[in-house]
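The values are calculated or read from the model by the stated rules, or taken from the named source; none is laboratory data. These numbers come from a predicted model, not from an experiment. Here the Cβ is made from the backbone with ideal geometry for all residues, glycine too, and neighbour counts use every protein chain on show. Areas reflect the complete protein model, heavy atoms only, side chains present, ligands, DNA and RNA absent. Shrake-Rupley method; radii C 1.70, N 1.55, O 1.52, S 1.80 Å.
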Amino acid sequence: SGRLRGKLAFEMRGNRRKSAVLRRVLSKNGMKTVHGTTGCSEKGATKSGHREVPSKSEHSDLYNLLNPKSGHQPALIFQRFIMLVIILDSLCYVLSTEPGLQEFHSIFYVEEGVTSSIFLAEYIARLAVC
């Protein structure tokens, strides 16, 4: 079956008439074409067997917010916020190692907890949309 699929996939790249005939043969055997090759039917495959790619408007708001390539204003604000948190966390980490600033140990401890919580929330949100 795998050898047949490979051979048919190679032949399907030829002229369109052959491709149409091969698609009919494949559909009778319960196989579909996916991205121009043969294979099992995939979730989201159309009648022609090609997967539909969601348009930008079909993505969730959370996806658009977390996408680094997004041009949406909230996404740009979120990116700047995370960058600010990273810089603040790095600065506080360096300052916490200074012996003269040990009296502010509790402030550094709270700041570390807050920034860790922000990073954890971002990480969980990214896992939720992938």
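For region 106-118, the candidate set comprises residues that are open to solvent by less than 50 Å² (accessible area, probe 1.4 Å) and closer than 26 Å to Val129 by Cα; within that set, the residue that is farthest from the chain's Cα centre (by Cα) is Gly113.
Residue count for region 70-105 under the criterion of being exposed (fewer than 10 other Cβ atoms within 10 Å of the Cβ) and under 28 Å from Glu58 (Cβ atoms): the result is 2.
Can you spot a residue in region 43-57 that is at pLDDT below 90, in a helix (DSSP H, G or I) and open to solvent by 50 Å² or more (accessible area, probe 1.4 Å)? Scanning region 43-57 turns up at least one residue that is at pLDDT below 90, in a helix (DSSP H, G or I) and open to solvent by 50 Å² or more (accessible area, probe 1.4 Å).
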